[in-house]
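Please read the structure below before turning to the comments.
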Amino acid sequence: MIKPEAMAAGHAGKILDMITSKEFRVVAFKYTRLSALEAGAFYAVHKERPFYGELVDYMASGPVLAAILEKDNAVADFRTLIGATDPAEAAEGTLRKRFAESKAKNAVHGSDSDENAAIEGAYFFSGREQF
Ligand code: CMP
């Protein structure tokens, strides 16, 4: 998912270019906006964390681009491409190093396991929206 601040800053085209140049195949793609209720459900795993309220407000603050990406070793390779949660700690050449504003407004979300990728993909896309 390309997050609201990266969308508002006009980074979507460059981010997508960096993703597709790493040979991720786009299985599904959508321009959409989460309500606070939906953002809260998407990030329910972080409910007990002190930043949860801020995270939910931010993720509902504007439109996002959601995608399902396919590749051998996709979860690990995508996490390498996006970089550390905190852009100050993200490696050179990563999406967050280049585009993230802060640890909270960190430009891109990637699933942390194949199991969560399936859950998160189903959150945004029906079967007939996946190719
Ligand atoms: P993401 O990879 O989407 O997964 C959880 C999100 O919570 C994370 O990116 C950040 O946007 C946010 N987050 C994680 N840690 C913090 C923090 N310490 N303060 C604020 N937001 C955070």
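Here is how the numbers come out for the structure above:
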| item | result |
| --- | --- |
| Qualifying residue in the range 119-127 (condition: in a loop (DSSP other than H, G, I, E, B) and out of contact with any strand residue (DSSP E or B) (no Cβ under 7 Å at 6 or more places or on another chain)) | yes |
| One residue from 5, 54, 48, 38 being within 15 Å of the ligand (Cβ to nearest atom), within 23 Å of residue 123 (Cα to Cα) and buried (at least 19 other Cβ atoms within 10 Å of the Cβ) | 5 |
| The range 9-36, residues that are touching a residue at least 40 places away in the same chain (Cβ under 8 Å) and of a type in the set (Asp, Glu) | 23 |
| Residue in the range 87-97 that is within 10 Å of the ligand (Cβ to nearest atom), of a type in the set (Asp, Glu), in a loop (DSSP other than H, G, I, E, B) and without any contact (Cβ under 8 Å) to a residue 40 or more places away in the chain present | no |
| Qualifying residue in the range 14-25 (condition: of a type outside the set (Asp, Glu), part of a strand (DSSP E or B) and open to solvent by 50 Å² or more (accessible area, probe 1.4 Å)) | yes |
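The values are calculated or read from the model by the stated rules, or taken from the named source; none is laboratory data. Because the structure is a prediction, the values reported are computed rather than measured. Here the Cβ is made from the backbone with ideal geometry for all residues, glycine too, and neighbour counts use every protein chain on show. What goes into the accessible areas is simple: the full protein's heavy atoms, side chains included, and nothing from ligands, DNA or RNA. Shrake-Rupley method; radii C 1.70, N 1.55, O 1.52, S 1.80 Å.
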